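Everything below concerns the one structure shown next.
The values are calculated or read from the model by the stated rules, or taken from the named source; none is laboratory data. Because the structure is a prediction, the values reported are computed rather than measured. Every residue, glycine as well, gets a Cβ built from its backbone with ideal geometry; the counts of neighbours run over all protein chains shown.
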Amino acid sequence: MRRLLTFSIALALLLASGCRESRVVLGDERLDEYLPLLEGKRVAILSNQSGIVGDVVDGKPLRVEVNETSVDEPFIPFGSERLGPHLLDVLLEKGVDVTAVFSPEHGFRGLADPGELVGDDRDARTGVPVISLYKGGEMVIPPEVIDSFDVLVADIQDVGLRYYTYHITLQDAMAICAENGKEVVVLDCPNPNGFYVEGYILEKRYYSGIGTIPVPTVHGMTLGELALMMNGEGWLRDGLKCDLKVIPCLGYTHGILYSLILPPSPNLKTMRSVYLYSTTCLFAGTVVSEGRGTSFPFEVYGHPDMTGQPFCFTPESIPGATRPRFLGRECHGKDLRLLPLDTLLNLGIDFRPVIESYRNLGLGDSFFGINDLDDHFEALTGTRKVREAIENAGEDISAEALSASLKAGWKDEVEAFKALRKKYLLYDE
């Protein structure tokens, strides 16, 4: 309730001050701040479909506060005529010499499946080469591409979770820039999950392609703040440090409930899915479907053999989820689209769905075995503690009590992390 009360006060102050004056100005809108940094230099861009300058819709820059209506409203699809210009188009129009575009997981257009290896291409509209940085294994940028730019400009919407891979791509790109004497400029944008910090710190033995830095599951930092932290704490490869500049947002604080306008990745389709992601993405490390292959991924969960659940869905092959788990099979489970906004915003990481599913299916340790990745669940939770607690808890311990106990277990390390990150925060908490 304390978190919700803070939000209510922040929203009241916002409405009192007037929406026009207090809207968030994104880093990519502040051309006067970063165009001088690019003058006379060759520029590469790290971006995807989210790099719309200023979150412009229908010709109007938005300052969007989430509410009961917007939480379930589908994001505007990339390519819609309602959207404003992309950073690539803006820079070219301003005469900037853009020599390459780098794309993260899901590709420049944000349509590829999770984990799908995306090849290099050219942007159909501008002809600028598009180099995929998500090809599996260690990031490698061809020498001729590295030689083609002086400054890397990053403009990409993150959602503030450790296993969301965009910051990992930025981390690797920053290391390559450090090795080759390239500058890095991050155009910052709000973190839609920036209002809280939760989860276990990722243990080094569980580092993987979805986790490379010792932060909680939900770190509560913008991509710009996280870039400063990765650089300052020596988290780039081999302890490298790059020449880094962050262009902050204006009018943003971590207490603002900032609603996105575009899907940051193909299976986050609404703000509800963004808020539930810290809970339902845990199913990616189990045998349970998190709803990929439907119009509401990460808002539901289920399994063909789950019993006593009236809600059902059938995954299909669709863009962004062409090979979903349980393709064409009816799954039984729960629909989290029914949660009211105040419950949703206070939910945080909730282990109850995983605990209840584990007990319902009765599969034992094989509940966590998926795609031959025995530690995938640990790569998500950051620790073995969660799996062990679920497997060892007696049936007399309720799912609610067990979830609360697990959440209490990270208190000290979260507080230590919050103290560490203070020197990198650009915005008030």
**Message:** Taking the conditions exactly as written (among the small types (Gly, Ala, Ser), assigned to a loop (DSSP other than H, G, I, E, B) and either modelled with pLDDT under 95 or touching a Leu at 6+ places or on another chain (Cβ under 6 Å) (or both)), does Ser265 satisfy them or not?
**Reply:** yes
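Here is a list: Leu268, Leu341. Which entry is surrounded by fewer than 21 Cβ atoms within 10 Å (Cβ to Cβ) and in contact with a helix residue (DSSP H, G or I) (Cβ under 9 Å, 6 or more places away or on another chain)? Outline the logic, then answer.
Values: Leu268 fails: surrounded by fewer than 21 Cβ atoms within 10 Å (Cβ to Cβ).
Just one listed residue meets the conditions, Leu341.
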**Message:** at pLDDT 90 or above and part of a strand (DSSP E or B): which single residue out of Phe75, Phe102 fits that description?
**Reply:** Phe102
**Asked** Here is a list of conditions, (1) closer than 22 Å to Ser50 by Cα; (2) over 20 Å from the mean Cα position of the chain (by Cα), and Val185 meets all of them except one; can you say which number that is?
**Response** (2)
**Item:** Elements of type helices (runs of 4 or more DSSP H) contained in region 301-405, each with 1 or more residues being under 30 Å from Arg205 (Cα atoms)
**Value:** 352-361, 376-381, 385-392
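Okay, residues lined up against (1) on the phi > 0 side of the Ramachandran plot; (2) outside any loop (DSSP other than H, G, I, E, B):
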site	(1), (2)
Glu138	no, no
Phe149	no, no
Val159	no, no
Thr169	no, yes
Cys177	no, yes
Gly181	yes, no
Pro192	no, no
Ile201	no, no
Arg205	no, yes
**Prompt:** Across region 315-327, which residue is nearest to the chain's Cα centre (by Cα) among those that are surrounded by 14 or more Cβ atoms within 10 Å (Cβ to Cβ) and closer than 18 Å to Thr286 by Cα?
**Reply:** Ala321
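In region 394-419, how many are farther than 15 Å from Gly199 by Cβ and at pLDDT 95 or above?
The total comes to 7.
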**Asked** Here are Leu223, Leu262, Leu250: which of them is surrounded by fewer than 22 Cβ atoms within 10 Å (Cβ to Cβ), touching a residue at least 24 places away in the same chain (Cβ under 8 Å) and closer than 25 Å to Pro77 by Cα?
**Response** Leu262
**Message:** Residues that are touching a strand residue (DSSP E or B) at 6+ places or on another chain (Cβ under 7 Å), among the small types (Gly, Ala, Ser), in contact (Cβ under 8 Å) with a residue 60 or more places away in the chain and surrounded by 24 or more Cβ atoms within 10 Å (Cβ to Cβ): does region 144-151 have at least one?
**Reply:** no
**Request:** Could you list all residues from region 364-392 that are at pLDDT below 95 and aliphatic (A, V, I, L, M)?
**Result:** Ile370, Leu373
**Item:** Qualifying residues in region 29-72 (those that are on the phi > 0 side of the Ramachandran plot and small (Gly, Ala, Ser)) - the one modelled with the lowest pLDDT
**Value:** Gly59
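Take region 90-99 and flag every residue that is in contact (Cβ under 8 Å) with a residue 12 or more places away in the chain and either within 24 Å of the chain's Cα centre (by Cα) or not in a helix (DSSP H, G or I) (or both). Let's see the steps before the verdict.
We begin by selecting, within region 90-99, every residue in contact (Cβ under 8 Å) with a residue 12 or more places away in the chain; these are 90-92, 94, 96-99.
Scanning region 90-99 gives Lys94, Val96, Asp97, Val98, Thr99.
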**Prompt:** Which condition breaks for Arg20 when tested against (1) touching an Asp or Glu at 6+ places or on another chain (Cβ under 7 Å); (2) at pLDDT below 85; (3) of a type in the set (Lys, Arg)?
**Reply:** (1)
**Request:** Output the qualifying pairs, or none if there are none: Cβ atoms under 8 angstrom, residues six or more apart or on different chains, first residue in region 171-193 and of a type in the set (Val, Ile, Thr), second residue part of a loop (DSSP other than H, G, I, E, B).
**Result:** Ile176/Met139; Ile176/Ile141; Ile176/Lys182; Val184/Cys242
**Message:** Suppose the filter is in contact with a helix residue (DSSP H, G or I) (Cβ under 8 Å, 6 or more places away or on another chain) and within 24 Å of Glu65 (Cβ to Cβ); does Leu257 pass it?
**Reply:** yes
